[in-house]
Amino acid sequence: MPMISKYEQEREANIARNRALLEELELKQAVAGLGIAASVSKATTKAKVQPVQPKKRVKKEAAEVEAPRRQSSRLKRGAIDLDESPSKRQKREAEMELIRAQEAEERLAAEERARMASRPRRHDLELASLFSEEEAEEISSLRATLQDIAQKPNPRRVADTEAFTYDNDNKKQESHVTELRERLQSLKIVSRAKVTQDRVYSAAYHPEVSKDIIFFGDKHGQLGIWDARATPDEVGDEDDEPLANENAEGGVYWRLQVHWPATSKSSISSVKMDPINAHNVYATEDGALISSIDLPPMGNEMWISDSLGGVTHLDLREDSSKTRWYGLSEQKIGCISVNPTRPNFLLTASNNRLLKIWDSRKLAEIAIELSDADPEATGLEYGTETVNQWLETQPGKGGLRAEWRHDKSVSSAYWDPRGRSIVSTSYDDKLRLWEISSERFSSTGPFPSSRPFSQLTHNCQTGKWLTILRAQWSPNPDVYPHFTIGNMNHALDIFSCKGDLVARLVDKEKYVKLSHRLDAVLTDNIFQGDRRSGSYMLSP
C-alpha cells in the first residue's frame, strides 16, 4: 500500500469536514458537486403533474404520390434517328411543341389554383370543408352538439345600470364582496385539453348553462370548440399506455379551419349553428389588420377596430354597401368596446396613449358627401382629418365625450355589464378604473371629468411580440361587478369594480400559461383561458 503524504491526509480530512458540514446544512446540490450521491427520501418526493397530453387522432393513410422530378429534355426526347427524313423531323418537332404547350397550360392552371386558394373565403362553406381529412369523421358529433345548444335561445342579458350602487352604504358593499370572495375560493381546475394546434389569441364562453361550451381562436385562423365536461374517449399516450387521470385531456373538442388562408389576419367569418354553415362577414382590402370586434346585446351590428387607427361599423341586416369606416386615431386602435346598456357609446384604446369615449350617433350624422372612399370601393370611409373637422362643427359637438392620456400605449379598455364602469390596461403596467354616473350619459356635451378614480400597479407584460395581459369583466349581471386578469406568476387576479383584490387563483402543480384575455362566467363559478394551444377550466 503506497504511503499517503501529509498533504494528501490533510486534503482528505478537509473534504470529510466539508462533506459533513454541507450535509448538516442540507445543501444537496453542493454535496452532489463533490461527487457524493445524495439520498432522496421517497416520502418527500412529490410527483408533478405533467403537461396535458393531447389525444391521438388517427390519420388516414394517404396514397403516396411521387413528387415531380426534373428530367432532361435530351433524355425525354429519346434517341434521334440520324437518318430520319425531313417530314419525320417536322412531325417530331410539332409533337414536341404540342407537349411543351400542354405543360405550360398545366403549370399556369396550377398557379391559378394556388392563387385562388390563397384568397380569403367570401362564400358559404359546408361544415365538411372546414375539417381536416383526419377529423372528417367527427362532423356528426359536432353537428349534434351545435344543434343541441341551438335549440334554446340564449339572449345576451343586460344588467341594470343602477345595480350594485350604494349611497355611502359601505356595509352592504362589503357584504357583496365577501360573498363573492367566498364563492371564488372554492374554484379548482377540473378539465384541461389541447384544443387548438397553435397559440390561442381569443376565447368565448357559450351562454348555454346545461353545458360548458368554449370557443377558442388561434393564430392561424383555426376555431376550436371545446365541450369541457363531456365524457372523452379513452385514449393513450404515444406508447399506447393509458394516461394518468391528471394528465389526460378532459372533455371533447373539434377544430374548424374557418379562415383561409391559414395566415389570414384581416377577415371575419360566421359559423351558423342551425342550419350549420359558414360564410364570410367582412374582409379588409387595404392591408389593415383587424385588432378587435364587439357587438351590441341585440347582435344586429358589429364594430371592428383595425391597425390603421380606424373603426368599421357593420349592420348585419343590410348590404355591405352600407359599411362605414371612421378614422378615429392616427395610430392603431387595439380595442373597441360597445356599452351594453347604451350601445351608442363606444370605448376605444389606441397606441397613441389615449382612451376615448365616442357617441356613435354623432358619427353617423357625417354627410355622405364628405366620404373619402374610392368611388369603386364598398361602403363609405371618413378619414381622421374629416372626422376631426366634423367634431369641430356645431352638429358634430358631443361626438367625442371624454378622453384620458396614459403614460404609454393603451392595450385595452372595456365596459362592465352595467355600462358605467371601465377598466383599461396599458404598457405602463397599470390598471385604471373609471365609474361614470347615469347623469353624464344623459347630457349632450363632453363629460365634466375623465380622470380615473383608481390606478393599480400590475405586471401586464407577457414577452416580446406578444399581446400584453388584458382585464376582462365577468358578463354575469347577477353578481357584484368584478374583472379578471392573468399575471406572470401563472395565476388569475380577480378585482372588484372598486379596485379591491378579491381572489388570486393559482395551481402550481398544473402549470399553465395564461391568455392575454380571459373570459369569465360566474353563474357556475367557472373561469377558463390559456395562451398556449390548449385551455383549462376552473370550477368548484
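The values are calculated or read from the model by the stated rules, or taken from the named source; none is laboratory data. Predicted model only: the values in this text are computed from it and were never measured. With ideal geometry, Cβ positions are generated from the backbone for all residues, glycine too; neighbour counts draw on all protein chains shown. Please note that ligands, DNA and RNA were not included when accessible areas were found on the heavy atoms of the full protein model with its side chains. Shrake-Rupley method; radii C 1.70, N 1.55, O 1.52, S 1.80 Å.
If I compute solvent accessible area with a 1.4 Å probe over the protein chains, what percent of it on the range 309-363 is carbon and sulfur? Please list the in-between numbers first.
Details: 750 of 1930 Å².
Reported share for carbon and sulfur atoms: 39 percent.
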Where the range 359-442 is the region considered: accessible area per residue in Å², 1.4 Å probe: 46 Å²
In whole percent, how big is the carbon plus sulfur part of the accessible area of the range 430-481, probe 1.4 Å, protein atoms only? 50 percent
Mind giving me the nanometre distance, one decimal, between the label points for VAL506 and MET298, set 7 Å out from Cα along Cα→Cβ? 4.6 nm
Between TYR201 and residues 5 or more places away or on another chain, the pairs with built amide H atoms under 5 Å apart involve GLY217, ASP218, LYS219
Please compute the modelled spin-label separation between ALA13 and GLU179, points set 7 Å along Cα→Cβ, answer in nm with one decimal. 7.6 nm
If each K or R counts +1 and each D or E counts -1, the residues other than PRO452 whose Cβ falls under 10 Å of its Cβ total +2
Taking 7 Å along the Cα-to-C-beta vector as the label spot, tell me the GLU439-GLU138 distance in nanometres, rounded to one decimal. 5.6 nm
A correct Karplus calculation of ³J(HN,Hα) over the range 421-431, with 6.51 cos²θ - 1.76 cosθ + 1.60, θ = phi - 60°, whole Hz and x for Gly and Pro, returns 10, 10, 10, 10, 10, 9, 5, 8, 6, 9, 9
Let me check I've understood the local charge: for THR348, count other residues with C-beta under 10 angstrom from its C-beta, Lys and Arg +1, Asp and Glu -1. What total comes out? 0
Per-residue ³J(HN,Hα) for the range 86-91, Karplus 6.51 cos²θ - 1.76 cosθ + 1.60, θ = phi - 60°, Hz, x for Gly and Pro: x, 5, 5, 5, 5, 5
Around LEU314: net Lys/Arg minus Asp/Glu count, Cβ-Cβ under 11 Å: -1
When each of LYS188/LYS508; LYS188/LYS211; LYS397/LYS430 is checked by Cα-Cα distance, pairs over 21 Å: LYS397/LYS430
If packing is taken as the mean number of other Cβ atoms within 10 Å per residue, what is the order of 399-409, 466-476, highest first? 466-476, 399-409
